[in-house]
1. Quick check on the range B:36-54: of everything there that is without any contact (Cβ under 8 Å) to a residue 40 or more places away in the chain and more than 8 Å from chain A (Cβ to nearest Cβ), which residue is surrounded by the most Cβ atoms within 10 Å (Cβ to Cβ)?
2. Looking at the range B:69-81, which of its residues are more than 16 Å from residue A:74 (Cβ to Cβ) and facing chain A (nearest Cβ under 7 Å)?
3. So residue A:159 clears everything in (1) under 20 Å from residue B:49 (Cα atoms); (2) in contact with a helix residue (DSSP H, G or I) (Cβ under 6 Å, 6 or more places away or on another chain); (3) at pLDDT 90 or above except one condition, right? Which one?
4. Modelled with pLDDT of 90 or more and either within 23 Å of residue B:50 (Cβ to Cβ) or more than 9 Å from chain B (Cβ to nearest Cβ) (or both): is that true of residue A:51 in this structure?
5. State yes or no: is residue A:153 over 30 Å from residue B:81 (Cβ atoms) and modelled with pLDDT of 85 or more?
6. Out of the residues in the range A:94-103 that are under 26 Å from the mean Cα position of the chain (by Cα) and either surrounded by fewer than 11 Cβ atoms within 10 Å (Cβ to Cβ) or within 7 Å of another protein chain (Cβ to nearest Cβ) (or both), state the one that is modelled with the highest pLDDT.
7. Please give the number of the condition residue A:36 fails out of (1) touching a helix residue (DSSP H, G or I) at 6+ places or on another chain (Cβ under 6 Å); (2) surrounded by 16 or more Cβ atoms within 10 Å (Cβ to Cβ); (3) modelled with pLDDT of 75 or more.
8. Return a yes/no flag: does the range B:16-23 have any residue that is more than 7 Å from chain A (Cβ to nearest Cβ), more than 18 Å from residue A:32 (Cα to Cα) and surrounded by fewer than 22 Cβ atoms within 10 Å (Cβ to Cβ).
C-alpha cells in the first residue's frame, strides 16, 4: 500500500512537472522518472515483464529518441514572448479555452471515478509468466503481431522519408 | 492492498495531466510528450484490468500500445524536424498554412 502511494505520487508529480517545464530537455528527463515509477506499479500488479519492457523500450529507446531530437533542433525555449510573459490562465480570448477545457476534464474524470466504486481488491493468482505471454502472442495474437511488424516498417520508412534532407527544395 | 479502483483513479489522473498538457502547452515536443503520458495512463489501466481478471490479455495489449507509441514517436519527431526546417519554430501557431 505504501509502495503504491509512493510510486503513484512520483508518477503524478513527475508528469505534472513535465507539462510545467519550459525547457523540453527537463521535460524528457522528468518523463523518464515518471516511467520508472509506472514500472514499479507494474511490478506491484504482478506484471514484471511489462515493467522491464517499460524501462527498456520507453525509457531506453523512445525517450532517447526524444532527447536526440530536442538536442538536434537546439530550440530549448518555449515559443513566443507572450508565453514567457503571460500565465496560461491569463491569456486573452480563445487561447484561454484550452486551460478551461483541461480543468473541466480533470474535474469530470475525478468526479466520475469517485462516484463509481469498482468492488474489492485483486484476487490472488499466479503471476502471468513470460512463457504464457509469448505463447499467446504467437498463437491467438499472431495476426496482430504480423500487422504490428508491418506498422513498424511503414513508420520507419515514413520517418526516413519525412526527415530527409531534400536539396531540390533548397532550405538547408 | 490497493484496489482496482485506486489504480483506475491514478490512471485517470495521469490521463488528465496528459490531456491538459496537449491543451495548454504550445511546444510541439511537449505536446508529443503529453501524448506519451496519456498512452502510459491507458497502459496502466490495461495492466490493472488484466490483473483483476487474472488474464494475460491486458499485458499483451500493452505491448501493442507500446509498439504504436514507438511508431508514433518516430513519425511525429520526423514531422517536427521537417517543420522546424521550414519555420525555425516549434510553436504550433506558426504552422497555419497548408501550402507555401
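1. Top of the filtered list is B:41.
2. Looking only at the range B:69-81, we keep the residues that are more than 16 Å from residue A:74 (Cβ to Cβ), and these are B:69-76, B:78-79.
Once the filter is applied, which keeps residues that are more than 16 Å from residue A:74 (Cβ to Cβ) and facing chain A (nearest Cβ under 7 Å), the range B:69-81 yields B:69, B:70, B:71, B:73, B:74, B:75, B:78, B:79.
3. Here residue A:159 clears every test but (1).
4. On the way: modelled with pLDDT of 90 or more: yes; either within 23 Å of residue B:50 (Cβ to Cβ) or more than 9 Å from chain B (Cβ to nearest Cβ) (or both): yes.
Spelling it out, residue A:51 is indeed modelled with pLDDT of 90 or more and either within 23 Å of residue B:50 (Cβ to Cβ) or more than 9 Å from chain B (Cβ to nearest Cβ) (or both).
5. Working: over 30 Å from residue B:81 (Cβ atoms): no; modelled with pLDDT of 85 or more: yes.
No, not satisfied.
6. If we filter the range A:94-103 for residues that are under 26 Å from the mean Cα position of the chain (by Cα), which is where we start, we get A:95-103.
From the residues that got through so far, the ones that are either surrounded by fewer than 11 Cβ atoms within 10 Å (Cβ to Cβ) or within 7 Å of another protein chain (Cβ to nearest Cβ) (or both) too are A:98-99, A:101-102.
On the way: A:98: 72, A:99: 73, A:101: 79, A:102: 74.
Checked the range A:94-103; the qualifying residue modelled with the highest pLDDT is A:101.
7. (1)
8. Yes, that holds for at least one residue.
The values are calculated or read from the model by the stated rules, or taken from the named source; none is laboratory data. In this text the structure is predicted, and so the values were computed from the model without any measurement. In this analysis, Cβ positions are derived from the backbone assuming ideal geometry, glycine residues included, and neighbour counts consider all displayed protein chains.
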